[in-house]
Structures are given as C-alpha cells and as structure tokens.
Amino acid sequence: MVGNKNLIGQRALVTGASAGIGKEFAIQLHQAGVNVHLVARRGKFLEELASELNQKRADSCTYASVDLCNESELTSLCEYIATEQIDILINNAGRGSFGRFEKLDLKEEIDLIKLNIIAPISLVHAALPQMKKRKSGHLVILASIAGIQPLPYMATYAGTKAFDLSFALGLKEELREFNVNVLAVAPGPVATEFGGVARVPGEFTNIGRNEAADVVRQSISAMQKGKSWIIPCLRAKFLALPSRSISWNLTTWLTERALRGALNVKEQRPSAL
C-alpha cells in the first residue's frame, strides 16, 4: 500500500486493468486514496474488480470495456479523457509475440504495434492539454527491459518497447516546465498471464519472474518521486545489466542463443503459446 496523502482524491485511468500489472496498479492506487477508471477488453473482469473496489470505498471506481486496437473505440476513449479530469494516466495495456518473424501472423504483429505504441501516444495526447493547464499530472508508460536490448524472435515486441522508453524520456523533458511528470517503467519478466509471451518466454526457460505487486509498488514510489524511468526489482536490474555495459552486437548474439532453445520448444509445441 502506498501511503502518500498527495494522491488522495486524485483520479487515475489504468489501461490493461483486467489482470496482471494493470490490475495491481488499480488496486494499489485505490489503496492510496485514488479514484480509478479501469480500461481493458474483458469487461467481466473489470466489473468484478470495480465491484470489489467500490465495496471498499463507494463510487471510487468506474470501468469501460475497450479494445485499444480498434480505432473507433480508441477514439471514443480519447474523447472521454478530454472531457474528464485525469490526474494519473497508466499506459499499461500491451502484448507481445515470440517466434520466427516470417512465421508470425502479420495482422497480430500490426495489432501489437497498435496496442503498444499507437494507443499510449493517443491517450497521452488526449490527456496532456488538461494536465498542462493545471500544471500537474502523472503519465506512466510501461516499457520493458526489452526496450534497451534487441531481442531475436521477439523483434517487434522489443522494438515497440524501445519506442515506449524513448517516447517517455523525451516527453519527460518537454513537460518538465509544466510540472507534468512522465515515468517509463521497464520491468523484466513478470508473473502475469501474458508475461511468458510478451517478455522472455519463461514457460520454456529457467528465468524467474518478478511479482506484479512488487513491480507496481516500486513504480508508484518512483512516480511520486518524479523519476524519469525505473527498472523495478533486483532480478530485472541484473538481467538488464549486460545491455547497459556491453555492445548490442554481443548482447544480441548472446540473447539469440539463449532464446533459441525456447524457440525450439515452442516450435515442437505450437499450441503452447
């Protein structure tokens, strides 16, 4: 639980809030006194979480079932943001893919780009005018340690996360004078329902995963401190260390060999992912 009273009464919009990191953001921000608006495709899960949170504090949680890959639904959400006060925007929704690029479904790769890049920049664009006018606000963008390391067999995913990281850091400086903070969160493998696909495929490797609750707790703390980016949890920091100290040519070569075994297992079990 986050105990900073500065968050009490603020309003947050959380994408990908039906499970995993997004759900944890909703829960922990709500515990800190924030009113939350939940967004994800799976309305049933949102309804259950909203009911749980509203029982703890009446009228503190709303939700909307939105497919962020659908242009009209994304536009409607942006219009909603433009007319409602949003103090904290958590851009968490995302997905990944794993496999030989030419064998991956092209539409799904394009949808991945829509969800990981187009959706967050659209929502940020919608929220910024009101935040700049108030001279306050928090924008949180979920990147990944994949954003600082090219990943063979996950090239599209890593590319989108590199964009997210660069976008957040650039925007951070642009908005500094307006007191609008931008935080890029770059977790490593996380114990969520899609972590094995969107990040290092843990189902096929011995790489451990961090708990979503720990990732979110450290991220909210970093947000409140006004940090520009964070790699939460020691395991992720350790995994990211080679990418920050060794050439990309070498680390990418090593990563390909590390993931090749996982790829072989996946290709032998095509229904596993």
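What follows is calculated from the coordinates using simple rules that are stated; it is not laboratory data. Remember, it's a predicted structure, so these values are computed and weren't measured experimentally. When we count neighbours, we look across all protein chains shown, and the Cβ atoms used for this are built from the backbone with ideal geometry, even at glycine.
In region 53-200, one over the average inverse separation of all distinct C-alpha pairs is 16.3 Å, which is the Kirkwood hydrodynamic radius. The average projected area of region 8-87, computed from the convex hull of its Cα atoms over all directions, is 4.8 nm². Region 22-47 and region 120-191 have Cα centres separated by 19 Å.
Legend: distances between Cα atoms for Lys172/Lys227; Lys135/Lys161; Lys114/Lys266; Lys23/Lys135; Lys23/Lys132; pairs beyond 18 Å are Lys135/Lys161; Lys114/Lys266; Lys23/Lys135; Lys23/Lys132. For region 76-135, the list of GluC sites (Glu not before Pro) that fall in a loop by DSSP and count at most 14 other C-beta atoms within 10 angstrom reads Glu84. The calculated pair-distance distribution of region 77-120 uses every alpha carbon pair, bins of 5 angstrom beginning at 0, and gives 5, 18, 22, 18, 14, 9, 7, 5, 2 percent.
Of the chymotrypsin sites (Phe, Trp or Tyr not before Pro) in region 98-199, not one is in a loop by DSSP (not H, G, I, E or B) with at most 13 other beta carbons within 10 Å.
Taking Cβ atoms as reference points and 15 Å as the exclusive limit, the residues near Cys78 contribute a net charge of -4, counting Lys and Arg as +1 and Asp and Glu as -1. Just so you know, the Cα atoms of region 70-155 work out to an Rg and Dmax of 15.4, 48 Å.
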